[in-house]
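Engineer: Quick one: the structure is below, and I'll ask about it shortly.
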Amino acid sequence: MKKFLLMLLSFLILIMSVHAAEDLTPTAKSAILIDASIGKVMYEKNADEKLPPASMTKLASMLIIMEQIDAGKLKLTDQVTISEDAASMGGSQVFLEAGEVYTVEQLLKGISIASGNDAVVAMAEKIAGSQNAFVEMINKRLKEIGATNTVFVNAHGLDAEGHVSTARDMATIAFNLLKHPDILKYTSIYEEYLEKNDGSKTWLVNTNKLVRFYEGVDGLKTGFTNAAGYCLTATAQKSNLRLISVVMGEDTTENRSADTVRLLNYGFNTFKLNTFKRKSEVLGQIRIEGGKKEFAAVVLVNDATELLKNTDNIPKYTFNIKVTKIKAPVQKGDVIGQAEIIDNEGNIIDEVDLTVKEDIAKANIFDYWLKNIKILGSGKTILKN
């Protein structure tokens, strides 16, 4: 009997510990934690429940802005004239006035730091002509990246019927936004002044207080409305591991921060990122047909990484290159084939894209003539079909 009671007690303790380990966000309606390298989920709670995201909506607007900048369609120095519609926005704002002119960078700071509804509407109009057209761009892009449970009806996140997202989708949006790391230059700023056209200044203070109080946090976006409660999509990096956390539907700012800290602590204390092949490391050589160079070094398009428990041993892998005939010209970044990642037991665990280490231009007549001269000079016979 005594042995049975001890076994029962041990079982109950185990159940309680498992429950405690899973209950990382006790006051959030939904939550998720992923790594920012491969998007692996470390923790989730009601992650697909559709909820109002409040100003976390601006992550999607920021994604469009950064994609426009990186594509060369928009410059940080471009001028933006503030419309009556943008200036009249309620909620959180940076107090822009109709007719004023600001740079894209100034407005991006207003969005990233102070969550300015007026700033994001001004940028929406700059990019798409109107907020409605910009929202169409957003929804189209969200479907492309897999945020399929999200529908936005505005660019700022004020409560509106049908304006919903999920913790998983917000993490997906953040994951794609972080492919444009320059955004962290702005989301990591705790306070700054926006110089207005009349010479006065507006104090911008980051609504994400963890930027100041949690080591490694450098973004991304808070949110609050009466319908949404307190929300936060955060990102933090320690060593080579970057995390993305999302909490939605919190009842206070304190609980929002506390749940986020628990998520980040769990991620950093439990996992490590293993980079087992860097994209700069040459995997082999391939022949380039019709190129100025006959051979090209083959590398990965992206680093090959995996998420491991801190207690896991570091595994070793081999690569099997699969490349068809490649014709010049070919540029670094072009996908020319795949490499199978094979574990110690011979199992294919993944397949990753390959590219060339440097650009290979197409050979011209002079290149062929020079090549033939070299062959003749070496004493080799030129074979003709």
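Engineer: Working from Cα positions, state the angle (0 to 90°, nearest 10) between the long axis of helix 253-270 and the longest principal axis of the chain.
Structural biologist: For 253-270 against the chain, the angle is about 30 degrees.
Engineer: Here is a further query. Order these by the 10 Å Cβ neighbour count, fewest first: S37, S61. If you can, show how the numbers build up before the last one.
Structural biologist: Details: S37 19, S61 29.
By the 10 Å Cβ count, ascending, the order reads S37, S61.
Engineer: What three numbers, in Å, describe the spread of the alpha carbons of segment 278-378 along their principal axes, ordered from the longest?
Structural biologist: That works out to 59, 25, 19 Å along the principal axes.
Engineer: I need the shape label for segment 52-168. Rule: rounded when a/c is under 1.5, else prolate if a/b > b/c, else oblate, with a, b, c from the alpha carbon gyration tensor. Don't skip to the end; give the middle numbers.
Structural biologist: Numbers: a/c = 1.88, a/b = 1.32, b/c = 1.43.
Cα axes put segment 52-168 in the oblate bin.
Engineer: Compute the acute angle (0 to 90°) between the alpha-carbon long axis of helix 2-22 and the principal axis of greatest extent of the alpha-carbon atoms of the chain; round to the nearest 10°.
Structural biologist: So the helix axis and the longest Cα principal axis differ by about 80 degrees.
Engineer: Helix 365-378 sits at what angle to the longest principal axis of the chain, using alpha carbons and giving 0 to 90 degrees rounded to 10?
Structural biologist: Once rounded, one gets 50 degrees.
Engineer: Tell me, H180, H156, H163 in order of fewest to most beta-carbon neighbours within 10 Å? Could you put the intermediate results ahead of the total?
Structural biologist: Working: H180 15, H156 27, H163 22.
In order of increasing Cβ crowding within 10 Å: H180, H163, H156.
Engineer: Under 5 Å between amide hydrogens, which residues at least 5 positions from V217 or on another chain qualify, with H placed 1.01 Å from N in the peptide plane?
Structural biologist: Excluding prolines and chain starts, which carry no amide H, the hits are Q237.
Engineer: What percentage of all Cα-Cα pairs in the chain are separated by more than 28 Å?
Structural biologist: Working: 42014 of 73920 pairs.
It works out to 57 percent of all Cα pairs.
Engineer: A further question on this structure: Please compare each pair in K50/K126; K73/K179; K179/K332; K185/K279 to a cut-off of 28 Å on the Cα-Cα distance and tell me which ones are over it.
Structural biologist: Details: K50/K126 30 Å; K73/K179 17 Å; K179/K332 18 Å; K185/K279 25 Å.
Result: K50/K126 exceed 28 Å.
Engineer: What's the extension gain from Q285 to H180 if we count 0.36 nm per residue and subtract their Cα-Cα distance?
Structural biologist: Numbers: separation 105, 0.36 × 105 = 37.80 nm, distance 3.08 nm.
Answer, rounded to one decimal: 34.7 nm.
Engineer: Run the numbers for V352 and D85: contour at 0.36 nm per residue of separation, minus the present Cα-Cα distance, in nm.
Structural biologist: Numbers: separation 267, 0.36 × 267 = 96.12 nm, distance 4.68 nm.
Extending this stretch completely gives an extra 91.4 nm.
Engineer: Which far-off residues, 5 or more places away or on another chain, put their amide H under 5 Å from the one on N206, with H placed in the peptide plane?
Structural biologist: When sequence neighbours closer than 5 places are left aside, the close amide H contacts are E191.
Engineer: Taking 7 Å along the Cα-to-C-beta vector as the label spot, tell me the N132-V101 distance in nanometres, rounded to one decimal.
Structural biologist: Distance between label points: 2.9 nm.
Engineer: Could you calculate the contour length gain from V323 to N240, that is, 0.36 nm times the residue separation minus the distance between their Cα atoms, to one decimal place in nm? Don't skip to the end; give the middle numbers.
Structural biologist: Values: separation 83, 0.36 × 83 = 29.88 nm, distance 3.07 nm.
Fully extending the segment from V323 to N240 adds 26.8 nm.
Engineer: Moving on to the next point. Stick to the Cα atoms of segment 199-327, pair each with every other, and give me the Kirkwood hydrodynamic radius in Å at one decimal.
Structural biologist: Values: mean 1/r = 0.0536 Å⁻¹.
For segment 199-327, the Kirkwood estimate is 18.6 Å.
Each value in this text was obtained by applying a stated rule to the coordinates, not by laboratory testing. Just so you know, these numbers come straight off a predicted model, no measurement behind them. Cβ atoms come from the backbone with ideal geometry, glycine included; neighbour counts cover every protein chain shown.
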